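Shown next, in structure tokens, is the structure this report addresses.
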Amino acid sequence: SALVRPLPGGPAFTPGEGPEELHAGEGEARAHTSRVRATEPAAVRAALRDLPFGAAVEHPAFTWDFSNVEDALDFVAAIQAGELAVEWAGPARRARTVTAKNLSLRVTSARDWLDVQGALDVDGATVELGALLAAVLAGKRYVAVDDTTWVQLGAELGAQLAAVAEVAEGEGSGTEVPKLAAPVLEELQAAGAAVDAPAGWDDLVVRARAAEGWEPELPAEFTATLRDYQRAGFAWMARLSRWAPGCCLADDMGLGKTVQTLALLVHRASLGPALVVAPTSVGFNWVREAARFAPGLRVRALRGADRRALLQDLGPADVLVTSWDLLPRDIDALTDTRFATLVLDEAQAMKNATTARAKAAARVAADFRVALSGTPVENRVSELWSLFRVVTPGLLGSWDRFRTRFAVAIERDGDTRRRAALARLIRPFLLRRVKSEVARELPARSDVTVEIALSPDERRLYDAARATFVAQLADDAGPPEQRRFKVLAALTRLRQLACHPRLLDPDTQVGSSKLARLLEILAELRAEGHRALVFSQFTRQLALVREALDRDGVRYRYLDGETPEARRRDEVDAFQRGEGEVFLLSLKAGGTGLTLTAATYVLHLDPWWNPAVEDQASDRAHRIGQTQPVTVYRLVAKGTIEQKILALHDEKRALVQGLLEGTGEAGPLGTDELVALLSAQDEGAVDEELQG
């Protein structure tokens, strides 16, 4: 309530109310005044004009109710700092601002963690560090000291404590912070916090600060000419190798992650052997590129029945290249060697932390780890945890903590603050450049969706199959995982029917409208002198395309997961030399690690759930070395599951953008959502499902 007291020691009144004439005091101290009551309300409002009432509700007689505690405390802090007289009906409340100088911390060092205990001192009373961190995680600006006193965390202290809270584990006065996050504690110390810690606790910080100003030179033995952004990528990795356990180079596909990393391997060659883990289809490219640009490295492919003999007597400049499939089989033998550098190419291969691949990668002993991936996040936030668990152990904490703090908040609740916090946390250890920013010399890329109407016979087959699958699933009351498997199987069959009826029934006489349209497009491109890559997830569909191309006398190259490595290399080289007008590739085997810039057109016969996988495949042609504009065609059967898959692509792209660039949101599809895609009969229904 706001009141006026016309005479010192006299009664107080609501502005504009009460007697005009007032007397107070005794004897010579007696005083008298005449109130001008009509002017009092305006004068009081002028005196209150700069006070922060926030969302307080005003009632008659100059009375306000605060329902929001933080608004009330803002008001208390303001009247404490002002000149208005304040009287309390009960105990006086205090709200004061504190800084890092009020904070005391005690730090002890463990293997990957710093154990931090501490408290905030407020006139002899204390607030435990855990309470401070919980407050900033909840977005609060005030923390209770006792029943009558609150402290407001200054903007700088609040930001510093939020940085600690984002990486901290534990409750109460004891908190664990990853050693990699030591800079956040050092910032508190620099701001005035008293830190009791053993000598050298901040050695990592010292080394990190020293590395910031270091400009590494490209090794003389490295013969490639790097673009400016590639030199910057090499320098970034080299700096981190001086103090961090690892990093993730997440450049857009086609920007030369391999050549940047080869420069790092040459730079670190004298420190000991290196291990490169890559998809089988990409391994030969590492051997070839190393021979071309890093002849001083002794690069050998770890394969064959006697491959473990290669692990003997490894030394500086030795580089072994193995595959993601062989890594779990050889991990016991590999752990006998400590590698100076571990390179994990196409690191999304370990996006599931429970797989043998991810577990094996975590067991490799290495001084510095480099994850390479143009798609470090494809579907779930958990993929980041799995990746960084290997390259920067401890940074993201335990899975349970990460799931609660980040995964659930981002995917289920759409918490933009948590998403931004996670992006800040990984930013020092992740470098991502996109083509539009750093490779402006690349020619334009155009994306075209080619809609294809199914023939009446194809439509009858498709609609009948869809109705059958929907009816079967409606009657299915089995376990959730079993039901999800059945839904995915049904969706796969519909995707096959949308491509070619023979993928579901090899004996059918019904033709494929999509195959017919593909042949028309290829004929037009060949007539104009263009060459094309054709991708499909279904090798049986590629077989049908091969039949048609053989019948038409079209020269083509072919590659799928069964193609031996030596033959893969020959097929790629032949196409690049001009031997073949069309290159048929399976999406899984040919979508990464290949340079096929002889093609200027890319055709996707069937859309995949994740657009990043398609983009990787398209970038076999649209990458450094391409001098012509590239056109990407997506052949999509109208009124089928294929159109619904394309509708999901925007959500998937938003997830990647949100975590790596700070905007957007998306989560994985649940079984019910998959069933909805299967059941929706038209695009309007699909839109309703997606919006719901």
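The values are calculated or read from the model by the stated rules, or taken from the named source; none is laboratory data. Being a predicted model, the structure only gives us computed values, none of them experimental. All Cβ positions, glycine included, derive from the backbone under ideal geometry; neighbour counts span all protein chains shown. Accessible surface is based on the protein model in full, side chains and every heavy atom, while ligands, DNA and RNA are left aside. Shrake-Rupley method; radii C 1.70, N 1.55, O 1.52, S 1.80 Å.
Here are the numbers for this structure:
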{"read-out": "Filtered residues of region 303-319 (kept if under 17 Å from Gly593 (Cβ atoms) and open to solvent by less than 70 Å² (accessible area, probe 1.4 Å))", "value": "Val319"}
{"read-out": "Total residues in region 20-41, condition in a loop (DSSP other than H, G, I, E, B) and either under 19 Å from Ser1 (Cβ atoms) or in contact with a Ser or Thr (Cβ under 9 Å, 6 or more places away or on another chain) (or both)", "value": "2"}
{"read-out": "Every residue from region 266-297 that is in contact with a Pro (Cβ under 9 Å, 6 or more places away or on another chain) and open to solvent by 70 Å² or more (accessible area, probe 1.4 Å)", "value": "Ser270, Leu271"}
{"read-out": "Test for Ala362: is it of a type in the set (Gly, Ala, Ser) and either touching a Pro at 6+ places or on another chain (Cβ under 9 Å) or modelled with pLDDT of 95 or more (or both)", "value": "yes"}
{"read-out": "Top-ranked residue in region 320-335 [being assigned to a helix (DSSP H, G or I) and not β-branched (Val, Ile, Thr); ranked as surrounded by the most Cβ atoms within 10 Å (Cβ to Cβ)]", "value": "Leu327"}
{"read-out": "Flag if Gln348 is assigned to a helix (DSSP H, G or I), at pLDDT below 95 and not aliphatic (A, V, I, L, M)", "value": "yes"}
{"read-out": "Which listed residue is modelled with pLDDT of 90 or more, in contact with a Ser or Thr (Cβ under 6 Å, 6 or more places away or on another chain) and open to solvent by 20 Å² or more (accessible area, probe 1.4 Å), from Ala232, Ala194, Ala220", "value": "Ala194"}
{"read-out": "Whichever residue in region 52-73 is in contact (Cβ under 8 Å) with a residue 40 or more places away in the chain and under 30 Å from Ala193 (Cβ atoms) and, among such residues, is least open to solvent (accessible area, probe 1.4 Å)", "value": "Leu73"}
{"read-out": "Scope region 235-257; condition within 17 Å of Val321 (Cβ to Cβ) and surrounded by fewer than 22 Cβ atoms within 10 Å (Cβ to Cβ); matching residues", "value": "none"}
{"read-out": "Pairs, first closer than 20 Å to Leu133 by Cβ in region 405-422, second of a type in the set (Lys, Arg), C-beta under 6 Å, six or more apart", "value": "Phe406/Arg418; Ala409/Arg418; Ile410/Arg418; Ile410/Arg419"}
{"read-out": "Close pairs (9 angstrom Cβ cut-off, 6 or more residues apart or separate chains): touching a residue at least 24 places away in the same chain (Cβ under 8 Å) and closer than 17 Å to Gln537 by Cα in region 552-563, open to solvent by 60 Å² or more (accessible area, probe 1.4 Å) and part of a loop (DSSP other than H, G, I, E, B) anywhere", "value": "Arg557/Glu579"}
{"read-out": "Residue match in region 580-598 (condition: of a type outside the set (S, T, N, Q), within 21 Å of Glu346 (Cβ to Cβ), out of contact with any strand residue (DSSP E or B) (no Cβ under 6 Å at 6 or more places or on another chain) and open to solvent by 30 Å² or more (accessible area, probe 1.4 Å))", "value": "yes"}
{"read-out": "Selection count, region 58-89, where residues are within 41 Å of the chain's Cα centre (by Cα) and either over 21 Å from Val151 (Cα atoms) or among the polar types (S, T, N, Q) (or both)", "value": "2"}
{"read-out": "Those residues of region 356-404 which are under 30 Å from Ala138 (Cβ atoms), basic (Lys, Arg), in contact (Cβ under 8 Å) with a residue 60 or more places away in the chain and not in a loop (DSSP other than H, G, I, E, B), in sequence order", "value": "Arg401"}
{"read-out": "Criterion (in a helix (DSSP H, G or I) and modelled with pLDDT of 80 or more) met by exactly one of Gln657, Gln616", "value": "Gln616"}
{"read-out": "Of the criteria (1) free of Cβ contacts under 8 Å to residues at least 60 places away in the same chain; (2) surrounded by 11 or more Cβ atoms within 10 Å (Cβ to Cβ), which one Arg49 fails", "value": "(2)"}
{"read-out": "Neighbours by Cβ (under 6 Å, 6+ apart or cross-chain): first from region 433-453, farther than 14 Å from Gln628 by Cα; second hydroxyl-bearing (Ser, Thr, Tyr)", "value": "Arg433/Tyr229; Val438/Tyr229; Val448/Tyr633; Val450/Tyr633; Ile452/Ser513"}
{"read-out": "Subset of region 538-574 that is touching a Phe, Trp or Tyr at 6+ places or on another chain (Cβ under 6 Å) and open to solvent by 20 Å² or more (accessible area, probe 1.4 Å) - its residue that is modelled with the highest pLDDT", "value": "Arg557"}
{"read-out": "Filter result (surrounded by 21 or more Cβ atoms within 10 Å (Cβ to Cβ), more than 24 Å from Gln260 (Cα to Cα) and in contact with a Leu (Cβ under 9 Å, 6 or more places away or on another chain)) within region 380-401", "value": "Val381, Trp385, Gly394, Leu395, Leu396"}
{"read-out": "Criterion (hydrophobic (A, V, I, L, M, F, W, C), more than 26 Å from the chain's Cα centre (by Cα) and over 28 Å from Arg401 (Cα atoms)) met by exactly one of Ala211, Ala197, Ala224, Ala193", "value": "Ala224"}
{"read-out": "Test result for Val470, open to solvent by 20 Å² or more (accessible area, probe 1.4 Å), touching a residue at least 24 places away in the same chain (Cβ under 8 Å), of a type in the set (A, V, I, L, M) and in a loop (DSSP other than H, G, I, E, B)", "value": "no"}
{"read-out": "Set Asp413, Asp475, Asp447, Asp463: member being of a type in the set (Asp, Glu), open to solvent by 50 Å² or more (accessible area, probe 1.4 Å), closer than 24 Å to Ala647 by Cα and at pLDDT below 85", "value": "Asp413"}
{"read-out": "Residue tally, condition closer than 28 Å to Pro8 by Cα and either open to solvent by less than 30 Å² (accessible area, probe 1.4 Å) or in a helix (DSSP H, G or I) (or both), over region 75-107", "value": "8"}
{"read-out": "Restricting region 126-161 to residues that are open to solvent by less than 30 Å² (accessible area, probe 1.4 Å) and at pLDDT below 85, the residue that is nearest to Arg405 (Cα to Cα)", "value": "Leu153"}
{"read-out": "Number of the condition not met by Pro15 [criteria: (1) touching a residue at least 40 places away in the same chain (Cβ under 8 Å); (2) open to solvent by 80 Å² or more (accessible area, probe 1.4 Å)]", "value": "(2)"}
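Rundown of residues vs (1) over 30 Å from Leu442 (Cβ atoms); (2) touching an Asp or Glu at 6+ places or on another chain (Cβ under 6 Å); (3) acidic (Asp, Glu), yes/no style:
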site	(1), (2), (3)
Ala193	yes, no, no
Val205	yes, yes, no
Phe222	no, no, no
Leu226	no, no, no
Met237	no, no, no
Ser241	no, no, no
